[in-house]
Each structure stands twice: as C-alpha cells, then as structure tokens.
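Asker: Handing you this structure, nothing more for now.
The values are calculated or read from the model by the stated rules, or taken from the named source; none is laboratory data. What you see is a predicted model, and the numbers here were worked out from it, not measured in a lab. When we count neighbours, we look across all protein chains shown, and the Cβ atoms used for this are built from the backbone with ideal geometry, even at glycine.
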Amino acid sequence: MLPILASTDAKALRRLLDRTPDDHGRLEPAVKDILAAVRTRGDKALTEFARRFDKLEGPIELSPAEIHAGAAECPPAVRAAIRKAARHIKAVAKAQVPATWTKVVAPGVKVSQRVLPLERVGCYVPGGRYPLPSSLLMAAVTARAAGVPEVIVCCPRPDAAVLAAAVEAGVDRVFQLGGAHAIAAMAYGTATVPRVDKIVGPGNAYVALAKALVARDCAIDFFAGPSEIVVVAATGDPAWIAADLLAQAEHDVDARAIFLTPSKRLATQVAKAIERQLATPEAAATPAAQALARNGAIVVTKNVAEAAALANRIAPEHLVVDTPEMAAMIPVAASIFIGPWTAQAAGDYAIGSNHVLPTSGAARFRGGLHAWDFVRVSSVQQLTKAGAALVGPTAATLADAEGLKLHAASIRARLGIAPKTGRRAR
C-alpha cells in the first residue's frame, strides 16, 4: 500500500520532496564524450552511436515516401485521434503567439515589439517503452502555429503513430536518432542533420543532461526530469484520484506521485484503491508500482491551507485540485487541472494545453512549452529630432551618473552639445 505520512513528519517529508538528481555525476562524462564526438566527427560518429544505441540498420533519415508509407499503417481511429488532438493544440498555441505592437511613449518617441519565428526547430521524441506521438504533436504543432518554417524530428524508433503525427503536424524531416547523439546532431549540425535554433521535447536522463550541456551553444526549452503529479483534495472519488496518481507513475520508475489531503478517511480510501488498481494485469505490466514505492506517498495535512502550502513548496509539473478556489491557493504549478472531470491524462493528449512541462520544482519560474518558445521577440526603437531632444538629456544624465562618458557623448552629439564643456556647440 502507498505510504500514508503525517505532515508533521518533517524527516519523511524532506526525503519525499528531495528531487536532487543522483545520476548526473555518473552520466556526465559519457554524455560529454558523445557530444564532443558528434561535434568533431559529424556523421561518422553519429552513425556509430545510432548503430550502437538505437540499433539502427537503415539510413539515419527517413525519406518523405517512407514517412507517409509508415503513417499509412497507423490505424484509422488513431489517425483520427491524432488529427483532433492536433486541432486542439494548434488552437491553443495560436492564441499564445505574442503580439506585434507599437507604442508612442512620448512625442517623437516610438517603441515597437517585433515578433518573428525561429528559422529551424528540432523536436526530440522519445522512443523507449512507449511510442509518444502526443509528444511530437505538442512540440511540432506548437512550432508550426508560431510560424516556424522548418521543423525536424529526432526519434530513435518512430512507429506508425509517431509518423502519422509527423505528417499531421507538417514535420519537414524525420531522423531515426535518439539519446545524447541526437541532441548533439541537432545542436551542432552534421552533413545529414541540420543545425537548429532550438531543441524541444522530453527525453530520458541522457537526453535531459545532453540538452543542459548544449544549452550554451543551442537554445533548449528547459531541463526536465521524471514526470510528477500532485493531487490536492479534501473530497472526491478515491478510485479516480488513485487512477490519476497511477497514470503519471506509469511513465517511469522515477516518476513522482503525491496525494495531499486533510482527510484521513480519504487518504485510506485512496491507498486501498491504488492497491486494487495495481492488481490488474494492465497496471502490473507498467513501472507504476515501482515508481509509487520509490517516490509516491499520501500526506495527511492539518487542513486545506497546509496542503496548499505544501503543494506550492513542491512546485509540481502537474497539479490536480478540487475547485477553482483551491487552484487559486496554489499558484506555483506548471499545469493545473480543476474538478473531478478534468483527468490529468486528458491534458497529455487532447485538451490542447501542452504536456511538455518543467519538473523538479522549475514551475517556480516558468510554465510548459508555449508558442513564445518558438519566436524571437525584438524591441524596435525610433526617435525623431524632437524625440531625441526630449529623451536625450535624460539618457545622457544617466550615462554620466554611471561613468560611461562615451555613451553620453554619442547622445549629446545629436543634440549639438559639446561633450566636454556641456555647452551647446556653435
């Protein structure tokens, strides 16, 4: 049974909430070697790693004909679901694109915001235990909605559903690559794989670490660790709450699933419901039981306010709550699901919100993958002669205050003021 902890057990809570990655030190030398090899030896190293790690037998890149032929093998019902999910994701992403605007700050002083898409984006799609066409849709459809003209995908073993998603999203190229070598190829470019402006998408520990290491040379969405869910509820159907916790635990043995409640009775009911649901053959075949044993718990709090405070401290990837009022009490979460009918797993696929989300407490400072991740926002300024006369003295005074005399001189030159005397030049 999932352990039930009291919120007063500080030691147990610290152990539960500790999300310090314990394998990065062990993995980093190998990942650095892979990145360096691909960066210096290009396709030769890339092919070696693909044969070794991905068990690749054919070419690195699938041709357009191969992509469409593979997609055609996807069952019609799955293709229809992919199409509908893509429509919802696109609708949300379109609404997210930052606006271009112009503001007249003062007479003769104009500032504009220019929004242009990135030129080329690389989407990483995991190919491990489960095929993840939904992850491809979340990344590629959002990039296209933001106006990105070229979208490529790296996936070590793209099955028919992944290829159908690639076709639906309008992906330009698909490479049969996974792991750190796929990240290196997209970050630095090879003769076969073009260099991208940004890499997005979830992956295993090797992928996450590789993304963090190449971030100095190529933009990434964010560093993401194992999946997380926190459910906060004082009432509700124990079976539904248990099902939500198990759904996220299904991802990986390192996934984290936590239930916070002020109700001892509900805590016990949910624990029993989890035990019953884990007894099914479907659940037994997943990593869910191991994940809950390693990283799961039910915490009984003094009241709802304490549960909310604890959830804010966790800053979870996924937050499930009873009511809008409870959601308002927990602002620190990447993606929030309100009410009994809003199954968190529905957000993974079809609601339209993005499921590529920050983990390990990163929700403190950002949300999930968003249309703004795929655009370049520039400030554009323009002064008339009158505008320069209006803001110039203010700017020059501040430059003097900072000791940057040449800054001040460049401004005063336009105002016809001699830089040393401070007098107006004749």
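Asker: Just one of (1) touching a residue at least 40 places away in the same chain (Cβ under 8 Å); (2) over 28 Å from residue 196 (Cβ atoms); (3) loosely packed, with under 13 Cβ neighbours inside 10 Å trips up residue 116, so point out which.
Answerer: Answer for residue 116: the failing condition is (2).
Asker: Check the stretch 17-33 and report whether any residue there is polar (S, T, N, Q) and over 30 Å from residue 259 (Cα atoms).
Answerer: no
Asker: Let me ask something additional. Only one residue in 265, 276, 256 is closer than 20 Å to residue 314 by Cα and not small (Gly, Ala, Ser), so which one is that? Walk me through it before giving the result.
Answerer: Numbers: 265 fails: closer than 20 Å to residue 314 by Cα; 276 fails: closer than 20 Å to residue 314 by Cα.
Unique residue meeting the criteria: 256.
Residue-wise test of (1) buried (at least 21 other Cβ atoms within 10 Å of the Cβ); (2) outside any helix (DSSP H, G or I); (3) at pLDDT below 95; (4) not assigned by TED's automatic domain parsing to the domain that holds residue 304.
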residue: 231; (1), (2), (3), (4): yes, yes, no, no
residue: 234; (1), (2), (3), (4): no, yes, no, no
residue: 245; (1), (2), (3), (4): yes, no, no, no
residue: 252; (1), (2), (3), (4): yes, yes, yes, no
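One line per residue, one yes/no per condition, for (1) among the aromatic types (Phe, Trp, Tyr); (2) crowded, with 21+ Cβ neighbours inside 10 Å:
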{"residue": "321", "(1), (2)": "no, yes"}
{"residue": "334", "(1), (2)": "no, yes"}
{"residue": "337", "(1), (2)": "yes, yes"}
{"residue": "347", "(1), (2)": "no, no"}
{"residue": "351", "(1), (2)": "no, no"}
{"residue": "364", "(1), (2)": "no, no"}
{"residue": "370", "(1), (2)": "no, no"}
{"residue": "380", "(1), (2)": "no, no"}
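Asker: Go through the stretch 316-405 and tell me which strands (runs of 3 or more DSSP E), entirely inside it, have 1 or more residues that are in contact (Cβ under 8 Å) with a residue 40 or more places away in the chain and under 25 Å from residue 225 (Cβ atoms).
Answerer: Details: elements: 318-321, 335-338, 375-383.
Result: 318-321.
Asker: Quick one: which helices (runs of 4 or more DSSP H) sit completely within the stretch 1-109 and have at least 2 residues that are surrounded by fewer than 12 Cβ atoms within 10 Å (Cβ to Cβ) and outside the structural domain of residue 171 (by TED's automatic domain parsing)? Break it down stepwise before answering.
Answerer: Values: elements: 10-17, 24-41, 43-53, 64-72, 76-96.
Where helices (runs of 4 or more DSSP H) fall fully within the stretch 1-109 and carry at least 2 residues being surrounded by fewer than 12 Cβ atoms within 10 Å (Cβ to Cβ) and outside the structural domain of residue 171 (by TED's automatic domain parsing), they are 10-17, 24-41.
Asker: If I filter the stretch 117-128 for residues that are of a type in the set (Ser, Thr, Tyr) and in a strand (DSSP E or B), do I get at least one hit?
Answerer: Quick first cut of the stretch 117-128, residues of a type in the set (Ser, Thr, Tyr) only: 124.
Those still in the list that are in a strand (DSSP E or B) too: 124.
Checked against the condition, which is being of a type in the set (Ser, Thr, Tyr) and in a strand (DSSP E or B), the stretch 117-128 yields at least one hit.
Asker: Is it the case that residue 88 is touching a Gly at 6+ places or on another chain (Cβ under 7 Å) and of a type outside the set (A, V, I, L, M, F, W, C)? Let's see the steps before the verdict.
Answerer: Values: touching a Gly at 6+ places or on another chain (Cβ under 7 Å): yes; of a type outside the set (A, V, I, L, M, F, W, C): yes.
Here the answer is yes, as residue 88 does meet what is asked.
Asker: Moving on. Which count do you get for residues in the stretch 230-271 that are under 20 Å from residue 325 (Cα atoms) and among the charged types (D, E, K, R)?
Answerer: Qualifying residue count, the stretch 230-271: 1.
Asker: Starting from residues that are part of a helix (DSSP H, G or I) and more than 22 Å from residue 224 (Cα to Cα), keep the ones in the stretch 129-165 and report whichever is farthest from the chain's Cα centre (by Cα).
Answerer: Looking only at the stretch 129-165, we keep the residues that are part of a helix (DSSP H, G or I), and these are 133-145, 160-165.
From what is left, the residues that are more than 22 Å from residue 224 (Cα to Cα) are 144-145, 160-161, 163-165.
Values: 144: 16, 145: 16, 160: 24, 161: 22, 163: 21, 164: 22, 165: 19 Å.
Across the stretch 129-165, the extreme among qualifying residues is 160.
Asker: I've got another one for you. Step by step: first the residues of the stretch 264-292, then only those that are of a type in the set (S, T, N, Q) and over 21 Å from residue 233 (Cα atoms), then the one that is surrounded by the most Cβ atoms within 10 Å (Cβ to Cβ). Which residue is that? Talk me through it step by step, then tell me what you get.
Answerer: Going through the stretch 264-292, the residues of a type in the set (S, T, N, Q) turn out to be 268-269, 277, 280, 286, 290.
Checking which are over 21 Å from residue 233 (Cα atoms) leaves us with 280, 286, 290.
Numbers: 280: 10, 286: 19, 290: 15.
Per the criteria, the residue is 286.
Asker: A follow-up question, please. Scan (1) in the same structural domain as residue 134 (by TED's automatic domain parsing); (2) more than 18 Å from the chain's Cα centre (by Cα); (3) of a type outside the set (Ser, Thr, Tyr); (4) part of a loop (DSSP other than H, G, I, E, B) for the single condition residue 203 breaks and write down its number.
Answerer: With respect to (1) in the same structural domain as residue 134 (by TED's automatic domain parsing); (2) more than 18 Å from the chain's Cα centre (by Cα); (3) of a type outside the set (Ser, Thr, Tyr); (4) part of a loop (DSSP other than H, G, I, E, B), residue 203 is out only on (2).
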